[in-house]
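The values are calculated or read from the model by the stated rules, or taken from the named source; none is laboratory data. It should be emphasised that the depicted structure is a prediction, and the values quoted were computed from it without experimental measurement. Cβ coordinates were reconstructed from backbone atoms using ideal geometry, including for glycine residues, and neighbour counts include every protein chain displayed.
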Amino acid sequence: MSAKTAYLEITGVEHAGAYKLKVNFNDGHVSVVDFKPFLSKSHHPAIRKYLDKKLFLNWTLDRGDIYWNDYDLIFPIADLYAGEIS
């Protein structure tokens, strides 16, 4: 994070194919995050439902964070920055 950035936030999100999202951060860093392994290994129906591409592609970017369906799914920004979620 640069000295100009007081805190890390997401500034943009783009679909990057299948269950991958390209995540842009306010310090210029870009991560491509593959959500499929996380979604596939979960046994919880509230998480597995996002294997439905229509639901997966319906994220919200607000106040520097990305989430799905009123915080049904949300991930730590450090994990998104690293490009790996668990």
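In the stretch 26-38, the condition of being at pLDDT 95 or above, over 20 Å from Ala82 (Cβ atoms) and not polar (S, T, N, Q) is met by no residue.
Within the stretch 10-29, the set of residues being within 15 Å of Asp79 (Cβ to Cβ) and not aromatic (Phe, Trp, Tyr) comprises Ile10, Val13, Lys20, Leu21, Val23, His29. Quickly run through the stretch 4-32 and pick out the residues that are of a type in the set (Val, Ile, Thr) and either closer than 16 Å to Trp59 by Cα or part of a strand (DSSP E or B) (or both). Once the filter is applied, which keeps residues that are of a type in the set (Val, Ile, Thr) and either closer than 16 Å to Trp59 by Cα or part of a strand (DSSP E or B) (or both), the stretch 4-32 yields Ile10, Thr11, Val13, Val23, Val30, Val32.
Tyr71 satisfies every condition listed in (1) assigned to a helix (DSSP H, G or I); (2) of a type in the set (Phe, Trp, Tyr); (3) at pLDDT below 95 except (1). Applying the selection to the stretch 19-68, what residues are surrounded by 13 or more Cβ atoms within 10 Å (Cβ to Cβ), within 30 Å of Ala6 (Cβ to Cβ) and over 13 Å from the mean Cα position of the chain (by Cα)? Asn26, Asp27, His29, listed by residue number.
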